[in-house]
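Below is one structure, written out as structure tokens; comments come after it.
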Amino acid sequence: MNFIFLGPPGAGKGTLAKEVAKAYSIPHISTGDIFRENIKNGTELGKKAKSIIDAGGLVSDEITIGLVKDRLSKDDVKSGYILDGFPRTIPQAEALATFATIDAAVNFDIEDEAVVERLGGRVCCKECGQMFHVKFNPPKEPGKCDKCGGELYTRDDDKAESIKHRLEVYRQSTAPLIDFYKAKGNLVDVDAKPAPETVLAEFKKKFPN
Ligand code: AMP
């Protein structure tokens, strides 16, 4: 199946997408991860995107659509995929409809207060990208990744000012996609408030493998 994961930042889309990708053997395509990889490698795209991402804004539709179109032309998407963090605007969704068929837009439902608490304590490994949370999922050793031993850091866009801005951007530009996919008849709501295992169980019930 071809999935879109919709929802505010911090709803747990990335965490669930990793689990679903494993369980359903389909690639997890995160535009945020692609941008961060480009920033890390100092590419032209990374240079263009860095200041926008750090401030919690959106990279231009033109750049982002081109990137996803290119990614969806690869062979590994033939048996399905998860788009995590794309589309984020109506023009992106309209463009996507011209080169992909989406089976389900999964909407991760969660209130702002929970998002602020989640993002505010989130730390990320500099080496492998693994996420932890200082309160809900702390690393065994503070500041060090359990998986690869890499250094943990707070993403610039997880700092208080950026979180606020990201939520505003979400409400203004991305939330209208809920009605967009509802009108197409392929919106599926998932309660994103419980722990990841519970959200995954709900997902599996809705989409038996
Ligand atoms: P994420 O990891 O999905 O929270 O994405 C991190 C950041 O990458 C976002 O705050 C945006 O600045 C940028 N980004 C990711 N996906 C998109 C998109 N579809 N359109 C525009 N900007 C994006």
task: For Asp189, work out the one condition from (1) closer than 22 Å to Glu117 by Cα; (2) in a helix (DSSP H, G or I); (3) modelled with pLDDT of 95 or more it doesn't fulfil.
output: (2)
message: So Asp191 ticks every box in (1) more than 21 Å from Leu83 (Cβ to Cβ); (2) among the acidic types (Asp, Glu); (3) loosely packed, with under 14 Cβ neighbours inside 10 Å but one. Which box is left unticked?
response: (1)
- request: For region 127-154, enumerate the residues that are in a loop (DSSP other than H, G, I, E, B) and under 28 Å from Leu6 (Cβ atoms).
  value: Cys128, Gly129, Gln130, Val134, Lys135, Phe136, Lys147, Thr154
query: Does region 1-28 hold any residues that are part of a helix (DSSP H, G or I) and either at positive phi or charged (D, E, K, R) (or both), and which are they?
result: Lys13, Lys18, Glu19, Lys22
statement: Expected single match for surrounded by fewer than 16 Cβ atoms within 10 Å (Cβ to Cβ) and free of Cβ contacts under 8 Å to residues at least 40 places away in the same chain among Glu168, Glu161 is Glu168
- prompt: Restricted to region 35-65, and to residues that are more than 19 Å from Ala93 (Cα to Cα) and touching a residue at least 40 places away in the same chain (Cβ under 8 Å), which residue is nearest to the ligand (Cβ to nearest atom)?
  reply: Ile53
Residues satisfying the stated conditions in region 66-84, i.e. closer than 25 Å to Tyr24 by Cβ, within 13 Å of the ligand (Cβ to nearest atom) and either modelled with pLDDT under 95 or in a helix (DSSP H, G or I) (or both): Leu67, Val68, Lys69, Arg71
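The values are calculated or read from the model by the stated rules, or taken from the named source; none is laboratory data. Small disclaimer: the values here were computed from a predicted structure and weren't measured. Cβ atoms come from the backbone with ideal geometry, glycine included; neighbour counts cover every protein chain shown.
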